1. Rounded to two decimals, what ratio of Rg to Rh does the range 278-390 give with C-alpha atoms and a Kirkwood Rh?
2. For the chain, what is the percent of antiparallel DSSP beta bridges, rounded to the nearest 5?
3. Would you mind checking which residues have amide H under 5 Å from A351's amide H? H placed 1.01 Å from N; only 5 or more apart, or other chain.
4. Amide H to amide H under 5 Å from L259: which residues, 5+ apart in sequence or cross-chain, H placed 1.01 Å off N in plane?
5. From the P(r) of the chain, can you give the percent of Cα pairs sitting at distances over 25 Å?
6. Work out, step by step, the length gained on full extension between Y184 and S234: first 0.36 nm times the residue separation, then minus their alpha carbon distance; give nm to one decimal.
7. What Kirkwood radius, in Å to one decimal, follows from the Cα pairs of the range 187-279?
8. Quick one: if you stick a label point 7 Å off each Cα along the C-beta vector at T46 and D140, how many nm between them?
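Derivation of every value follows stated rules applied to the coordinates shown; laboratory data play no part. Note that the coordinates shown come from a computational prediction; the quantities given were computed from them, not determined experimentally. Reconstructed Cβ throughout: ideal geometry from the backbone, glycine too, with neighbour counts over all protein chains shown.
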Amino acid sequence: MKSAPALVFSALAGLAVTPACYDGSFVGAECNVGLTECGGECVDLTTDNLNCGACGVACPGGRICHEGLYCEAFEPGTAGSGGTTGECVEPFVTAEHCGSCATSCPSTEPLCSCQGEDCECVAECNAPRVVCGTACVDRDVDPLNCGSCGFECASALCEDGVCVGAVPGNVVLMCTGFPQVRQYHPTTVLLGNAAFLAPLSVIRMMLYTEFADPGAQSRVVQALDWSADLHAKSYEAAFVQAAADVPQQLNVRDYQVLLVLDQPRAPAGQLAEIGESWRIAANDFLASGGTVIVLDGASGAGEMASFVTSAGLYELEGEALLPAQASLFVQAPSNAVCINVPSPFGPLGPACGFEVSQGPGPNSVYAVTDRPAGEELGAPFVVHRVVATN
């Protein structure tokens, strides 16, 4: 939005009103904060189609300025060159918009095949390209379809069907089974920060619930729903109720997060066996940039710590319930899991502290404990471990 310079004055009741502006005009001899003077007008270089990123850089053919970085396709519902209407968004690599917004493929050649910026409609894909939707793609190098259709590399780099530049993996342990839930309670914020660490708009999660309490499961899902809204993201959840299915299905192509709920109904001795059976798959998942979150309510057989240790996630000796009026203290306020978490805070219902045999180190931190910062660390309520990628 732009307008001519304007100053507005009033002498009503003999009072002068301070010079004001509107719609991005000048204040005195200067533009408002966030606006730039281009040819005598104040404009927003992040959105102005005639001054996109810099004065005089115009977006051609009805395209719109995207954050001052580049000119993208026509706005949804508007007509551009060629008379097409509706949403048209780059890259133009589909049969609906093959090579340009105005080019659609006929039924006799229903696929779009592109080599660099040169695109053509074809009847079938030539090897090594395969069909993904209405496009011919090489899944060995296509960052939008890396290894499989629809798998997008956050780094925009795909080599041999594998994304290059994966983010580190994360292990987050929380000593709570979510006996209660509130939308803005620090426990909800901690879980949300951990679950939505991946730099994606849609997070795919596997939730292991075989021996979980159904009420706790509902509370965890509610916490995830609230957290998704808070992080302006969405998520897709797959509930797995058989331990043997987890190592068979767990991979970063299908999931970014493995969330293991507290398992108070597990038979004695079984959680350690499950952890051992998951050890290879879980650590491969972490080394590929996945996140594993484990909730431990210190209930039932009280063997979640054994599961964590046998799965190779962290060395724990056990857990102990905290006093009813315990306070919890953030030890690492700059840690990604602790962002926007106040300190101190009280737990919701029964909570515990981990008994650890592995102290904090270069890649692990006691993020929240039962002792104030500056004193002995005490029993960790939240542990965050970062895992280097392969």
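1. Rg/Rh: 0.96.
2. Roughly 65 percent of the DSSP beta bridges within the chain come out antiparallel.
3. Amide H neighbours of A351: L322.
4. Here the answer is M206, L207, Y208, I293, since their amide H atoms fall under 5 Å of that of L259.
5. Cα-Cα pairs in the chain separated by more than 25 Å: 66 percent.
6. 16.2 nm
7. Taking the inverse mean of 1/r over all distinct Cα pairs, the range 187-279 comes out at 13.9 Å.
8. Distance between the two pseudo-spin positions: 4.2 nm.
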